[in-house]
1. Any idea which of G210, G237 is farther than 17 Å from G53 by Cα, touching a Phe, Trp or Tyr at 6+ places or on another chain (Cβ under 9 Å) and away from ligand 2 (no atom under 16 Å from the Cβ)?
2. Which residues, taken from the stretch 261-279, are under 14 Å from F112 (Cα atoms) and more than 21 Å from the chain's Cα centre (by Cα)?
3. For the stretch 221-242, which positions are part of a helix (DSSP H, G or I) and either closer than 16 Å to T198 by Cα or under 21 Å from the mean Cα position of the chain (by Cα) (or both)?
4. Consider V116 against the criteria (1) part of a loop (DSSP other than H, G, I, E, B); (2) under 20 Å from E93 (Cβ atoms); (3) of a type outside the set (G, A, S); (4) within 16 Å of ligand 4 (Cβ to nearest atom): it satisfies all of them except one. Which criterion is unmet?
5. Identify the residue in the stretch 152-162 that is crowded, with 19+ Cβ neighbours inside 10 Å and modelled with pLDDT under 90 and, among all such residues, is nearest to ligand 1 (Cβ to nearest atom).
6. State all residues of the stretch 201-231 that are open to solvent by 40 Å² or more (accessible area, probe 1.4 Å), under 22 Å from G58 (Cβ atoms) and among the small types (G, A, S); if no residue qualifies, say none.
7. What number of residues in the stretch 58-72 are surrounded by fewer than 18 Cβ atoms within 10 Å (Cβ to Cβ) and within 15 Å of E262 (Cα to Cα)?
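The values are calculated or read from the model by the stated rules, or taken from the named source; none is laboratory data. Note that the coordinates shown come from a computational prediction; the quantities given were computed from them, not determined experimentally. Cβ: placed from backbone, ideal geometry, glycine included. Neighbour counts: every protein chain shown. Note: accessible area is taken over every heavy atom of the protein model, side chains too, but ligands, DNA and RNA are not part of it. Shrake-Rupley method; radii C 1.70, N 1.55, O 1.52, S 1.80 Å.
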Amino acid sequence: LALILTMSCMLIIMFITLSQSDSSILQNLIIEAIDKRALKPFYQPIVVPEGNGYRIVGAEVLLRWITQSGNVILPNSFIPLAEQDGLIDKITEQLINNVLKQLSSIELSPHFFASVNIPPAYLEKTKVAEKLLRKISKSGLDYRVISLEVTERTPFENIEKAAKTIETLRDEGMSIKLDDCGMGYGAFSYLQSLNIDTIKIDHMFVKTIGFESSNTSILDAIIAFAQTSDLSIVAEGVENKRQADYLVNAGVEMLQGDFFGEPMSFGEFKLLLERGSFI
Ligand code: C2E
Ligand code: CA
Ligand code: CA
Ligand code: CA
């Protein structure tokens, strides 16, 4: 009986695999996850050095898919597909709604920001800035509580349109950050065409700190470039004190990484803020 059961299970699985491609199975699971609100914002602290420690000034919002059994699925395994089939817009909007709802339920320090990852194509849509501003204004929060991270890993199709969206948001005091700076499509041309105020240095470059005779020349060049261009800097993926000290000494204003706190649920993040925002 066990054998027959196993065989029929295998047949069913084969049937599903043959009749639907893997990606459309995943696509349906993503749709279900959106409907069931299983895609949650997690928060990773962004800090500035202060006294002997670090003070939380903001957070990056990172998506986590929490399955029914409580497993956590990381964004890299479903965001690329969601970006291809257009589901990402729905995910982004639901995420922003959640973040606004959560942040308006607590007391925030005056300049606190939550940095949300935005796919380039989203910024090219018509009226998206107005829509976002309306959402924030309805939540009762200040516009500058939301900051956007635009990755340079994927290219823009219509950069003029994205530039207009960014201009409108910057006019309202919102910060726009160039994510994964140095990793992809012409950072320098993006910085020229888009009114970006902050760059995020990828952890690949931060990793070059802290070895004997390590080569930090690219990292140093990115920092120097940002400083001469009047851009603020967030260094990502900081994992130890040595890296933190190096970056602070080099004049990097903001730091983010497991050394200060891993991405955490809103409940945990809220406790951290209530304890005084010091790490
Ligand atoms: P990202 O924007 O570069 O985000 C930083 C990634 O570095 C996160 O991975 C974070 O968990 C990880 N990280 C943080 N601290 C450390 C550290 O000390 N060491 C190391 N090695 N890694 C660290 P995560 O959460 O898996 O996200 C991966 C990527 O997925 C993100 O890269 C971003 O491109 C994308 N993503 C995440 N959430 C969203 C979202 O809501 N919307 C969109 N469109 N993309 C998202
Ligand atoms: Ca990011
Ligand atoms: Ca990044
Ligand atoms: Ca990265």
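1. Going through G210, G237 in turn, just one is farther than 17 Å from G53 by Cα, touching a Phe, Trp or Tyr at 6+ places or on another chain (Cβ under 9 Å) and away from ligand 2 (no atom under 16 Å from the Cβ): G210.
2. The answer is E274, G276, F278.
3. Across the stretch 221-242, the qualifying residues are A221, I222, I223, A224, F225, A226, Q227, T228.
4. Here V116 clears every test but (1).
5. E152
6. Selection gives S229 alone.
7. Result for the stretch 58-72: 2.
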